[in-house]
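Some notes on the structure that comes next.
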Amino acid sequence: MQLIILALLWIVWCLLHSLLIEEGGVLPIKSFCGGYFRYYRIFYIIFSFASLLLPLYYYHCLSPIVFYTFQGNMLVIPILLMSYGVVMIYFGCRDHDLSDFLGIYRARSGDDNMDEKNPRFCSTGILAQVRHPWYGGSLALIWAVGSLSDVSLIVKVILSLYLFIGARIEEHRLLAKFGYKYARYCEGVPRFLPKLYRLKGGRK
C-alpha cells in the first residue's frame, strides 16, 4: 500500500507539472489573473519545486528493499551517467534564454504570452547533437543517483516515463510551429544521446 501511495504522489506531481504549463490548463488561470499573469511562469517554477516536498518526504520515510548498490568497478556507471547529465544540462542552459525560461523576462516586460519571447528554430550548439539536452541530462541524473530498490525504482520509472512523454509532446508542439524544418532536424539529430561521429566531426 505504501508503494502505491508513493507512485500516486509522483504521478499527481507529474500531471500537475504538465497541466499547469499546457495551454488548456493555463488559459483559465490567465483569464482569472489578468495583468498579474506575467508573473505566472515564476509562480509555476516555485510551485513545481515546492510541490516536490511532499513526494520527496514520503519517499524518504519509507524503508526500501535494496536490490543493488553500485560498488567497486561498477561505480563507473553512475559516475558516467552523472557526468553526462551535468554536461547536458550545462550546455542546455547555455543554448536557452534562462531569463525567459524562468519567467523573469515576462515579469519585467509585462508580456503575458506563454510562448517564447523570440520564437525561432535553433539547431546549433548542443542542439546540433541532441534534441533534448535537458530531458536527456535529467534521465541520466535520475538513474545515476542512489541504489536500486523497490522504492527508488518506482520513482525512477515514473520520472523516466514522464520525461519520455514530455519530450514527445514537446516535439509535436515544435513540429506544429516549425513544420518541415523541424521534421528534417528530427531525422538527423538523436533525441537524447549524441551520435559519436557528431562529437568527433561536428554536424554533417
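The values are calculated or read from the model by the stated rules, or taken from the named source; none is laboratory data. Small disclaimer: the values here were computed from a predicted structure and weren't measured. Here the Cβ positions follow ideal geometry from the backbone for every residue, glycine too, while neighbour counts run over all protein chains shown.
Just a few scattered comments:
- Residue count for region 110-131, restricted to those that are of a type outside the set (Phe, Trp, Tyr), part of a loop (DSSP other than H, G, I, E, B) and either within 27 Å of residue 39 (Cβ to Cβ) or at pLDDT below 90 (or both): 14
- Region 74-95 residues that are farther than 19 Å from residue 163 by Cα and of a type in the set (Asp, Glu), paired with ones that are exposed (fewer than 15 other Cβ atoms within 10 Å of the Cβ) and modelled with pLDDT under 95 (beta carbon under 7 Å, 6 or more apart): 95/122; 95/125
- Listed here are the helices (runs of 4 or more DSSP H) enclosed by region 147-204 that have at least 2 residues being in contact with a strand residue (DSSP E or B) (Cβ under 9 Å, 6 or more places away or on another chain) and either modelled with pLDDT of 90 or more or surrounded by 12 or more Cβ atoms within 10 Å (Cβ to Cβ) (or both): 150-178.
For (1) closer than 20 Å to residue 144 by Cβ; (2) aromatic (Phe, Trp, Tyr), each residue gets a yes or a no:
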position: 35; (1), (2): no, no
position: 39; (1), (2): no, yes
position: 43; (1), (2): no, yes
position: 51; (1), (2): no, no
position: 81; (1), (2): yes, no
position: 86; (1), (2): yes, no
position: 101; (1), (2): no, yes
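- One residue alone among 35, 92 is farther than 23 Å from residue 154 by Cβ and in contact with a Pro (Cβ under 8 Å, 6 or more places away or on another chain), and that residue is 92.
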